[in-house]
1. So, in the stretch 328-344, exactly how many residues are open to solvent by 10 Å² or more (accessible area, probe 1.4 Å) and at pLDDT 75 or above?
2. Quick check, is Ala107 surrounded by 21 or more Cβ atoms within 10 Å (Cβ to Cβ), modelled with pLDDT of 80 or more and more than 15 Å from the chain's Cα centre (by Cα)?
3. Determine which member of the set Val109, Val89, Val70, Val63 is within 15 Å of Leu171 (Cβ to Cβ) and among the β-branched types (Val, Ile, Thr).
4. Only one residue in Ser115, Ser130 is out of contact with any Ser or Thr (no Cβ under 7 Å at 6 or more places or on another chain), in a loop (DSSP other than H, G, I, E, B) and at pLDDT below 90, so which one is that?
5. Would you be able to say whether some residue in the stretch 79-86 is basic (Lys, Arg) and buried (at least 24 other Cβ atoms within 10 Å of the Cβ)?
6. Please tell me if Ser144 is part of a helix (DSSP H, G or I) and modelled with pLDDT of 90 or more.
7. Among the residues of the stretch 78-101, write down those that are closer than 18 Å to Leu19 by Cα and polar (S, T, N, Q).
Amino acid sequence: MFKLNEYLSIQPSIVALSLVSLVVMMGASMVTPSLTLYAQQDLGANEFLVGAVIAGFAIGRLVFDIPSGVLADRLGLNRTMILGLGVLVSSSVLAGFAPNYWVLLSARVFEGIGSSIYVGAAIAFVLLSSEASKRGTNIGSYQSMLMLGPIMGPIVGAPIAAFFGYNAPYLAFAAVIAVALAIVAALAYSGRLDVARPVLGHESGGSRKADMTVYLNTAAIATFGFAFLRSGIYTTGMPLFAYGSLSLSVFDVGIMLTMASIANLVSSFFSGKLTQMYGMQKPLFAAILSAAILVAIMPLSTSMLLLLAIVTLIGVTSGFFGQSIVWAAEQIEEKVKKKSVADAGRALGVHSHVTRGIGFNRMIGDLGLVLGPLFIGYFISAFTGNPLLWFVSFGLTGVVLGIVSFLILGTKVKCNIPRR
């Protein structure tokens, strides 16, 4: 049913950028096992402030997602990616040497800004350099390769934190991103990251104002759900539960995050083919609803093995995250085509709409990244000492994800992008 060669036939430029993103993701995930401990034990943060420092990354992305889309459209994808990686290096160094909690929080916000700039441009490159009918497959392949980063990151980051201090992974993160920056600069200089600009209407001489209704779509709901799951459970809820309820070590959490990333890798590899076969709506509904159920039963875990099994299955559902972005691009293109018929003289080109629309879609997702850790962090802090602490916190998180899944299923969507 699934032919491996179909996934390996993507253009070399996407493979090259995927490897760069792999390096970026590896660096970012190096800090995940120890971040809660860094904020709590080294800088004196409580559970809610831990959620806030994790959300700080998403806040930076949230406030800069739409500007980053405009920046990529105006500055070009190459320069935008280089700028984003430069901000990531600087903010990581600041986080590594943070003298107090508030400096770490500020560094996390700037880290989010850098991520917004780089990731938005990278995803735009993959989408805009792919044929419309192959976007799902190419995004799946791109996500599969970059998800090797979170597999390696915790394995490398946990020992660094254990032997050199909880802040040390951030300094290693800065070094890794510096390598990625050099690679992107070399690729940009060689012209391998250039993208042709298909134009719809009279982009060069018309108005540059974009109607925001073009970017509103059902895919944003799915993006929100996956992001809420990632920051609320992977980065905040699961580590706090592992440390507080099961008394696991930073190595144990690193192993679980790695296994979840492996599951994510396998799932994302085939998610593009599944959405080509069955459309976007039903697979994304099933993925988020399954995650909701798994999150709700997580407090039943009485050992590392049981928690590992649940986290790994959640990783399978998270593998469909990239498809929500593809779905957003499809819906944006469909709206652009309809709008151009009535307003061809003032329409932005497809390139500009997709680039800016990705920023808007990611802004909705980053709203989920902000609310996820704050939501579960609040309930964990508020119910501390209560025997129902974990059941309330994870149960309510599961309810939010369940609502998101049925919102996806209950929305009527029509898209005429060809599928193969």
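The values are calculated or read from the model by the stated rules, or taken from the named source; none is laboratory data. Because the structure is predicted, anything quoted here is derived from the model rather than measured. Note that each Cβ is placed from the backbone with ideal geometry, even for glycine, and that neighbours are counted across all protein chains shown. These accessible areas exclude ligands, DNA and RNA; they are computed on the full protein's heavy atoms, side chains included. Shrake-Rupley method; radii C 1.70, N 1.55, O 1.52, S 1.80 Å.
1. So in the stretch 328-344, the residues open to solvent by 10 Å² or more (accessible area, probe 1.4 Å) come out as 331, 333-335, 337-344.
Among the residues that remain, those that are also at pLDDT 75 or above are: 331.
Of the residues in that region, 1 qualify.
2. The answer is yes for Ala107.
3. Details: Val109 fails: within 15 Å of Leu171 (Cβ to Cβ); Val70 fails: within 15 Å of Leu171 (Cβ to Cβ); Val63 fails: within 15 Å of Leu171 (Cβ to Cβ).
None of the other options fit; the residue is Val89.
4. Exactly one of Ser115, Ser130 is out of contact with any Ser or Thr (no Cβ under 7 Å at 6 or more places or on another chain), in a loop (DSSP other than H, G, I, E, B) and at pLDDT below 90, namely Ser130.
5. no
6. Numbers: part of a helix (DSSP H, G or I): yes; modelled with pLDDT of 90 or more: no.
No; evaluated as a whole, the condition is false for this residue.
7. Asn78, Thr80
Listed here are the residues, each with its yes/no results for (1) polar (S, T, N, Q); (2) modelled with pLDDT under 85.
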position	(1), (2)
Ile10	no, yes
Ser13	yes, yes
Leu17	no, yes
Met26	no, yes
Leu43	no, no
Leu49	no, no
Gly60	no, no
Met81	no, no
